[in-house]
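Shown next, in structure tokens, is the structure this report addresses.
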Amino acid sequence: LQYKVLTLPFDFKLTNDENETERAVSNRSYVPISIHKGRNFLRLGILPVGPNATYRTANIITWPRNRVWSFKTGKEFFEYLEMSFPQIPVGEWITLEQCEDFVKREPGVFPQPQFCKKLVWTEKNRGAVLLGDAIHCFPPDLGQGVNSALEDITVLEDCFEQNSDDLVDSLKMFQSSRENDVKALIKLVVLGYPWQYKQNSFRDKLWAVNFAFRLALSKLFPKVFYPQIMSAQKENIPYSEILKRVNQTTRRIWASLAIIIGSAIALFIRVPG
């Protein structure tokens with residue numbers, strides 16, 4: 001996926017209706033959706049900001065094949081936005097100069113989820129350690145980028161405390177205690193919410209069904225089934241434990257379905273005695 005960011009006024013007008021005067025509120029998110037469907041589907045992701053902010057940003061995140069990346073001039077892009085979002089006053093949100101800047105900038109690209117196996121380097125009484133994006137890099141699908149980086153620091157601090165600040169022993173402990181969580185985090189990102197940008201409407205619907213199904217099972221049988229990953233974000237447990245529980249739930253779901261199907265077949269073919 002590729003992305004670019006537009007800068008908007010802090011209190012932009014919400015509709016193109018001249019009779020409506022409602023404006024954006026800082027602590028709310030807004031997601032205007034274009035009239036296009038399929039490969040040219042587009043939406044503007046506008047996140048909340050603090051009360052003292054002077055501007056807002058709108059994220060455009062979509063496939064490289066989307067037409068939004070094809071424009072060469074700001075005027076073309078501006079006219080495309082007006083046509084794509086007739087419900088909003090595009091002229092009040094952005095200027096032609098901003099559109100010129102938009103088309104000239106290269107889009108950013110979300111990285112493939114990946115991790116580094118070697119987290120530390122040690123030699124005699126020297127050493128170095130990698131943290132944050134240097135050891136786990138992924139798109140912002142689960143909102144765990146900053147959280148996992150802060151957790152890296154917390155784990156490293158605990159390692160130093162447990163080893164009386166000995167550098168080499170602390171770094172070796174960090175490697176052994178963190179590597180499994182790092183691997184699990186990358187797998188969770190892939191499983192978590194990969195279709196939130198509406199790249200594929202069919203797969204997005206399948207994900208929603210899976211989410212609802214697992215959530216319902218976890219409510220009905222909390223000791224047997226674990227909720228979908230998105231529901232587990234606030235729990236204070238390691239990523240490796242979350243992945244373990246998710247995988248256990250998957251196996252139990254398949255086992256339950258096999259038992260149900262097997263029982264149904266047995267009842268169907270059973271001949272009365």
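Coordinate-derived values only; no laboratory data. Since the structure is predicted, the reported quantities are computational estimates derived from the model, not experimental observations.
Observations on the model:
- Within segment 1-112, the ratio Rg/Rh, alpha carbon atoms throughout and Rh by Kirkwood, equals 0.95.
- According to the Cα-based calculation, Rg over Rh for segment 124-273 is 1.15, with Rh computed by the Kirkwood formula.
- Within straight-line reach of residue 223, meaning a Cα separation under 16 Å, sit the following lysines at least 8 residues removed in sequence or on another chain: 244.
- Rg/Rh (Cα only; Kirkwood hydrodynamic radius) as it applies to the chain: 1.08
- Amide H contacts of residue 57 (H built 1.01 Å from N, in plane; Pro and chain starts excluded): 8, 47 sit under 5 Å, all sequence-distant by 5 or more or on other chains.
- In terms of distances greater than 22 angstrom between alpha carbons, the cross-link table entries 198/219; 4/118; 72/198; 118/172 yield 198/219; 4/118; 72/198.
- Cα radius of gyration and Dmax for segment 81-207 (Å): 21.2, 66
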